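The values are calculated or read from the model by the stated rules, or taken from the named source; none is laboratory data. Quantities reported herein were computed from a predicted structural model and do not represent experimental measurements. Glycine gets a Cβ as well: all are built from the backbone with ideal geometry, and neighbour counts include every protein chain shown. Heavy atoms of the whole protein, side chains included, go into the accessibility calculation; ligands, DNA and RNA do not. Shrake-Rupley method; radii C 1.70, N 1.55, O 1.52, S 1.80 Å.
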Amino acid sequence: MSADILLAIDQGTTSTRALLFDADGRLRGAPAQKELAQHFPAPGQVEHDPREIRDATVEVCRRVLAEHGLAATDLAGIGITNQRETVVVWDRATGEPLHRAIVWQDRRTAKTCARLRAAGAGDLVQERTGLLLDPYFSATKIAWILDHVPGARRRAADGELAAGTIDTWLLWQLTGGAVHATDATNASRTALHDIHRQRWDDELCALFDVPPSLLPEVRDGAADFGETAPDLLGAPVPLRGVAGDQQSAAIGQACWAPGSSKCTYGTGAFALLNTGRDAPRSKHRLLTTVAYRLDGEARYAMEGSIFSAGSTMQWLRDGLGLFRDAKESEAMARRADAARGDGAAADDAATAAGVHLVPAFTGLGAPHWDADARGA
């Protein structure tokens, strides 16, 4: 069999999946999937175990190959898409993380962002990165780990540590530590990357107190990212594509032309509008981000970020026990709408009056950007 199958790794907030595609882009059978444990050490804090992410990624890749009777030698290459902004800091010698990954939803650095905003740093950050000063982004998360793990800052200064988003963590692990890299879309979500000059920004690194030596090399989305260690899948496989999850969704839905847009609904919901070569600065608190970068040339997008979408359904199911399956929610919503139209048909007074949920479990995103908001 010729090596014409593509393996896609989708490392998300709630699960890790491996999917196979043929040369025509058609999905080959069912994906392999494994749920990811969520850790909530304090209100507004969300963490993942980087080792669990690494192990689950290898497991689902092996499983999807086995289920379809394929070997690593049947693969033309591997692509990675990942939850954005989530960060890991690890030991370069051992490959072991210093701390759990701090997830994009995490709000623990809200006070740091407020202090920087009060000092007038917001304009600099938005001008160079297209982002706002918010704990959503990676920079303050990296700094928090360095400040709260004993000895971490000294070790970072000595060149012993590496940092990166989940794509970078997986590339390091899959290549046996041979590759410390990311792509332009993930770099654009850190608040450390100048999206216009396409490079890490020393002034931003100083602002957020993140040593540049920690950061990975930034490559095109369709670059050479090395190959997997032979023992992981049975033979080396080229790693040939990386993109953050929302950008990869826009690419997958063919939003190549300026003006094309998409909205995806996962743990959160994110609307992206392709703006081509232009990187406009929003007057309505939307983000400017890299849509993709090929041959060293970036294309941009405007983004509206909603932090809680699928996670809201998960809370209604697991936290309140309103239903066993999220599919049941549509019928419940329709019944509630009908009840509001006819108070006599309502099950109770609250339903008749209308019950509203503000799903700000980890703050509010665009256009409010209120890190301290909570569900109401």
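The alpha carbons of the range 173-321 give a radius of gyration and a Dmax of 17.4, 52 Å, in that order.
Among residues other than Arg155 whose Cβ falls under 14 Å from its Cβ, what is the net charge (Lys/Arg +1, Asp/Glu -1)? Result for the local shell: -2. When you restrict to C-alpha pairs under 8 Å that are six or more residues apart and normalise by the size of the chain, the relative contact order lands at 13 percent.
Placing a label point 7 Å from the Cα of Trp256 along the Cα-to-Cβ direction, the residues of the range 76-91 with a backbone N closer than 20 Å are 79-80. Ligands, DNA and RNA excluded, the heavy atoms of Ser282 present near 20 Å² of accessible surface to a 1.4 Å solvent probe. Once you sort the root eigenvalues of the Cα gyration tensor of the range 248-321 as a ≥ b ≥ c, which label holds: rounded (a/c under 1.5), prolate (a/b larger than b/c) or oblate (the other case)? Prolate, since a/c reaches 1.5 and a/b exceeds b/c. So, with a 1.4 angstrom probe, what is the percent of accessible area on the chain that is carbon and sulfur? Within the chain, the accessible surface is 52 percent carbon and sulfur. With kT/(6 pi eta Rh) evaluated at 20 °C and eta = 1.002 mPa s, and Rh the Kirkwood radius from Cα pairs, the chain diffuses with a coefficient of 99 µm²/s according to Stokes-Einstein.
Here the range 99-253 is assigned +1 on the Cβ of each Lys and Arg and -1 on the Cβ of each Asp and Glu. Its dipole about the Cα centre then comes out at about 580 debye.
With 17 Å as the cut-off, how large is the P(r) tail for the range 86-155, expressed as percent of Cα-Cα pairs?
47
Measuring with a 1.4 angstrom probe and ignoring ligands and nucleic acids, His196 comes out at about 100 Å² accessible. Here the extension length gained between Ala119 and Asp295 equals 59.6 nm, from 0.36 nm per residue of separation less the Cα-Cα distance. Of the trypsin sites (Lys or Arg not before Pro) found in the range 52-101, not one falls in a DSSP loop while having at most 10 other beta-carbon atoms within 10 Å. In this simple spin-label approximation, Asp337 and Arg154 carry label points 7 Å from Cα along the Cα→Cβ vector, and these lie 6.2 nm apart. Sorted from longest to shortest, the spans of the Cα atoms of the range 187-242 along the three principal axes equal 44, 21, 14 Å. Just need log10 I(q)/I(0) for the range 51-95 at q = 0.18, 0.22 Å⁻¹, Debye formula, equal scatterers on the alpha-carbon atoms, no solvent, rounded to two decimals. Computed log10 I(q)/I(0) values: -0.75, -0.94. Between the listed residues Leu132, Ile166, Thr112, the Cα displaced farthest toward the positive end of the dipole of the range 109-194, a dipole computed from Cβ unit charges relative to the Cα centre, is found at Thr112. Calculated mean residue ellipticity at 222 nm for the chain: -8000 deg cm²/dmol, from DSSP H runs with n ≥ 4 weighted as -39500 (n - 2.57), summed, divided by the residue count and rounded to 500.
Given R₀ = 30 Å, what would the calculated FRET efficiency be for Asp325 paired with Arg51, taking r from the Cβ atoms and rounding to 0.05? Using R0 = 30 Å, I get an efficiency of 0.45.
A P(r) calculated from all alpha carbon pairs of the range 121-201, with 10 Å bins opening at zero, reads 18, 42, 36, 5 percent. Here the range 1-131 was treated as a single set of alpha-carbon atoms; its pair distances binned every 10 Å from 0 give 11, 31, 27, 20, 9, 2, 0 percent. To the nearest 10, the accessible area of Lys34 is 80 Å² with a 1.4 Å probe.
Just checking the listed ones, Asp24, Asp231, Asp134: in the Gaussian network model of the chain with Cα springs under 10 Å, the one fluctuating most is Asp24.
In angstrom, the C-alpha Rg and Dmax of the range 1-56 are 15.2, 52. Extension gain for Asp278-Asp4 works out to 95.1 nm (0.36 nm per residue, less the C-alpha to C-alpha distance).
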